[in-house]
Amino acid sequence: MNLEKIMNDLEKKHPGENEYLQAVREVLESIEEVYNENPHFESANIIDRLVEPDRILTFKVCWVDDSGKVQVNLGYRVQFNNAIGPYKGGLRFHPSVNLSILKFLGFEQIFKNSLTTLPMGGAKGGSDFDPKGKSNAEIMRFCQSFMLELWKLIGPETDVPAGDIGVGGREIGFLYGMYRKLARENTGVLTGKGLNWGGSLIRPEATGFGAVYFAKEMLATKGETFKGKTVAISGFGNVAWGATIKATELGARVVTISGPDGYIYDPDGISGEKIDYLLELRASNQDIVKPYSYEFPNAQFHQGKRPWEVKCDIALPCATQNELGKEDALNLIKNGVICVAEGANMPSTPEAIEQFLEHKILFAPGKAVNAGGVATSGLEMAQNAMKLSWPIKEVDERLHEIMCSIHSACVKYGKDKEGYVNYVKGANVAGFLKVANAMLDQGVI
Ligand code: NDP
Ligand code: 2IT
């Protein structure tokens, strides 16, 4: 594999798509060795076929706001690869959304979904719509208009979207309602549905729970547990919420959460009624973290800062891409961090990852750590196909098993001669091999 030539060609073809190029480089660096050892990958030109999405749908979303003004946003769906199952991946509504971000997320999703052991291909979609400050009625009208275009491309055996940043249970409800009306069918076309209309128990918690189950396995390789540990978490969305609950349940103290404007440090730990309070604030569509420090006076708000300056044993970045840079990594290491597990997608920059690996910190990438979300989406699809619902215990046990199996796959392909597990390499190689072999089996299409 001529990595630099591949990257140069991609940069020329897709100038400025920095997140996408970053995600591709990371995967190619990891798989270079296994790719070169298996010449049949090169003769089938697997790399060129993997790095470009199968197709991208771009569309305009027009909707009317509460003042009667017509608003226009952009909508996208990137269908990346469906060699091992229907396209599967979330929808992100955030003003920063562009093609580069959705291509990076769709590309990552291929390998993540492959790791889950379930038959799901990779996709991602979304819009530059900003849900912040919008009324429920505005969100409904936007979702309906968005689905008016998207429904033609998706289906329970074709492409199954779900939530991501800015898309939770409420948005999935509005999207599903419109799909059902247009397609005239009730099928498992979206995951993250409400429990009364085809959703799965544990799906809302699954990404955060799964991340903590994965981190628990990482800690166990060093004879450590969550008990008594101090945990720094960023974000306070769906993923951070589930991770906070599960880490607390396992005996840890979560001391930070964050938003785009800064972070909260709460030395007493964020649990119980404090989580309920944050959920209330989140449901109001407003910035959430600052008011926390008025409600709970022991907590401090650090404007414009990231939580990585706090002393902690475990760090779980759960907000967004590239939110943890080299200086943050060095701070965490200086303060004695033992484990960094990515709840978000690509939250650490390549320079930060380099530091974690160099210092032999337990570090695992989002595509392994946060795969519990999409894995439970896969379990929701299975329940929908059987037209029944499993009890909490069954879904949670399956999620736990899947996270343990992803951990084993990372160890299998990522352990070096000295016994250090490079989870980045392990996850990328394990995810890649399954998809690449499926592509070889199915011929050039
Ligand atoms: P949510 O919209 O529920 O929450 C996002 C959180 O991140 C919010 O606390 C938000 O703060 C914060 N945030 C958003 N943008 C920024 C930014 N630019 N800087 C700092 N903080 C920011 O999203 P999710 O919890 O669903 O997603 C979080 C991450 O996890 C994303 O990387 C997503 O791709 C990934 N993920 C999500 C899965 C899921 O099932 N939902 C599954 C796997 C991965 P505020 O609300 O104040 O803007
Ligand atoms: O990044 C992700 O894996 C998600 N946002 C969840 C995707 C899904 O289809 O459940």
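The values are calculated or read from the model by the stated rules, or taken from the named source; none is laboratory data. This structure is a prediction, so every number in the text was calculated from the model and none was measured. Virtual Cβ from ideal backbone geometry, glycine too; neighbours counted across all protein chains shown. The protein model used for the area step is the full one, side chains on, heavy atoms only, and it has no ligands, DNA or RNA in it. Shrake-Rupley method; radii C 1.70, N 1.55, O 1.52, S 1.80 Å.
Per-residue Karplus couplings for segment 356-373, computed as 6.51 cos²θ - 1.76 cosθ + 1.60 with θ equal to phi - 60°, are listed in order as 4, 5, 4, 8, 6, 6, 5, 9, 10, x, x, 5, 8, 5, 9, 5, x, x Hz, Gly and Pro entered as x. Taking a ≥ b ≥ c as the square roots of the eigenvalues of the alpha carbon gyration tensor, segment 112-155 is prolate, as a/c is not under 1.5 and a/b beats b/c. Listed values for segment 131-146 are Karplus-derived 3J(HN,Hα) couplings in whole Hz (6.51 cos²θ - 1.76 cosθ + 1.60, θ = phi - 60°), namely x, 4, x, 8, 7, 4, 5, 5, 4, 4, 5, 4, 4, 5, 5, 4, and x replaces Gly and Pro. Taking the chain as a Gaussian network of alpha-carbon nodes connected by springs under 10 Å, the highest mean-square fluctuation of the residues 56, 275, 172 belongs to 275.
Provide the per residue accessible area, probe 1.4 Å, for the chain, rounded to a whole number of square angstrom.
Working: 17940 Å² over 445 residues.
Per residue, the chain has 40 Å² of solvent-accessible surface.
Sequence-ordered 3J(HN,Hα) estimates for segment 292-305 from the Karplus curve with 6.51, -1.76 and 1.60 and θ = phi - 60° stand at 4, 6, 7, 6, 10, x, 6, 8, 10, 9, 10, 4, x, 10 Hz, glycine and proline given as x. In a DSSP loop and with at most 13 other Cβ atoms within 10 Å, the trypsin sites (Lys or Arg not before Pro) in segment 218-280 are 222, 227. Here the Debye sum runs over all C-alpha atoms of the chain as equal scatterers in vacuum, and log10 of I(q)/I(0) at q = 0.07 Å⁻¹ comes out as -0.32.
Counting protein heavy atoms only, segment 131-199 has 51 percent of its accessible area on carbon and sulfur, 1.4 angstrom probe. Annotation: amide H of residue 415 within the under-5 Å range of 422, sequence separation 5 or more or interchain, hydrogens built in the peptide plane. Result for the chain in a Gaussian network model with C-alpha springs under 10 Å: among 210, 378, 169, the largest mean-square fluctuation is at 169. For segment 281-358, the carbon plus sulfur part of the accessible surface works out to 47%, probe radius 1.4 Å. Among 322, 14, 383, whose Cα projects farthest towards the positive end of the dipole of the chain, with charges put on the beta-carbon of Lys, Arg (+1) and Asp, Glu (-1)? The one lying farthest along the dipole's positive direction is 383.
Say R0 is 51 Å: what FRET efficiency, to the nearest 0.05, do residue 197 and residue 45 get from their beta-carbon distance? For residue 197 and residue 45, the calculated efficiency is 0.70.
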